[in-house]
1. What tally of residues in the stretch 142-161 results from selecting those that are touching a helix residue (DSSP H, G or I) at 6+ places or on another chain (Cβ under 8 Å), charged (D, E, K, R) and in a helix (DSSP H, G or I)?
2. Mind checking which residues of the stretch 162-183 are assigned to a helix (DSSP H, G or I) and either over 22 Å from the mean Cα position of the chain (by Cα) or among the β-branched types (Val, Ile, Thr) (or both)?
3. Check the stretch 37-44 and report whether any residue there is surrounded by 12 or more Cβ atoms within 10 Å (Cβ to Cβ), in contact (Cβ under 8 Å) with a residue 24 or more places away in the chain, out of contact with any His (no Cβ under 6 Å at 6 or more places or on another chain) and not in a strand (DSSP E or B).
4. Just a yes or no: is a residue in the stretch 180-192 over 25 Å from residue 96 (Cα atoms) and touching a residue at least 60 places away in the same chain (Cβ under 8 Å)?
5. Can you tell which of 53, 85 is more than 18 Å from the chain's Cα centre (by Cα), part of a helix (DSSP H, G or I), of a type in the set (D, E, K, R) and surrounded by 14 or more Cβ atoms within 10 Å (Cβ to Cβ)?
6. Among the listed residues 62, 77, which satisfies the condition of being on the phi < 0 side of the Ramachandran plot and surrounded by fewer than 13 Cβ atoms within 10 Å (Cβ to Cβ)?
7. Quick check on the stretch 103-123. Is at least one of its residues hydroxyl-bearing (Ser, Thr, Tyr), free of Cβ contacts under 8 Å to residues at least 60 places away in the same chain and exposed (fewer than 13 other Cβ atoms within 10 Å of the Cβ)?
Amino acid sequence: MKKSTLQLPDLMLEPDGVACLDFRIGIDDLPDAHPIHPARLVDASPLIEKLWRVALADAESNIVRENGLEYFGAGKNFGKIVYTRDISYSGVLGLNWLYPEVMRESLEHTRDVRLTCAWRVPPAYHIPELDAPWQVENLTDPEFLETYHTNNFLRRTDDVVWLWAAEDLIGLDATRHDWQWIHEIGVHCFETLYAPLFDPSDGLYRGQASFIDIHFGHKKSA
């Protein structure tokens, strides 16, 4: 069998831009961002230094401030909407270190939102065969999102990923109180949310693979 190869055009990183065949992004094509976070790169090329500032400013543009709270939302165009897995992965990939206080409040907020929603679902997501404390609400998906500012639990059964982000965050500067919070909220989530997904035949919890959305009948989600 002939081995297939993927041919990629040459990508060249230059001090003031990135070039690929006849396409080029120069440093002047990037916004001149001025993030609040003071961390700056040392001995970096002008391009990388500017990209760093753009990345920090982009993260900060997703911070939602309301009712005394400060947390990472789903994006600057999404209002109060939060997605636990997006926040969690972003935390592990760097925001825990860069914005620990905002991340802590973000994780706490997602727990409040998720536990408020609990097993509330639109009619299309009600699965009678699954023994769960269902609360069916006569809402469409967009209406549910507008009401609760996140998707219903059947759209987010990888919710447990918040524990990874919390452990990574707390591990940076742990206190007894912090570990107690993770333990108490973690136990509550397993008892309230995850227990119906437990399969005693193999000791595993059933749910979606993280960052792979549910496949819908009318479209496929990546």
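1. 2
2. 170, 176, 177, 180, 182
3. Yes, that holds for at least one residue.
4. Quick first cut of the stretch 180-192, residues over 25 Å from residue 96 (Cα atoms) only: 191-192.
Add one more test, that the residue is touching a residue at least 60 places away in the same chain (Cβ under 8 Å), and what stays is 192.
Taking every residue of the stretch 180-192 in turn, at least one turns out to be over 25 Å from residue 96 (Cα atoms) and touching a residue at least 60 places away in the same chain (Cβ under 8 Å).
5. On the way: 85 fails: more than 18 Å from the chain's Cα centre (by Cα).
Testing whether each residue is more than 18 Å from the chain's Cα centre (by Cα), part of a helix (DSSP H, G or I), of a type in the set (D, E, K, R) and surrounded by 14 or more Cβ atoms within 10 Å (Cβ to Cβ) leaves just 53.
6. 77
7. yes
No value in this document is a laboratory result; all are computed from the given coordinates. Keep in mind that this is a model prediction, so the values were computed, not measured. Because the Cβ atoms are built from the backbone with ideal geometry, glycine has one as well, and the counts that use them run over all protein chains shown.
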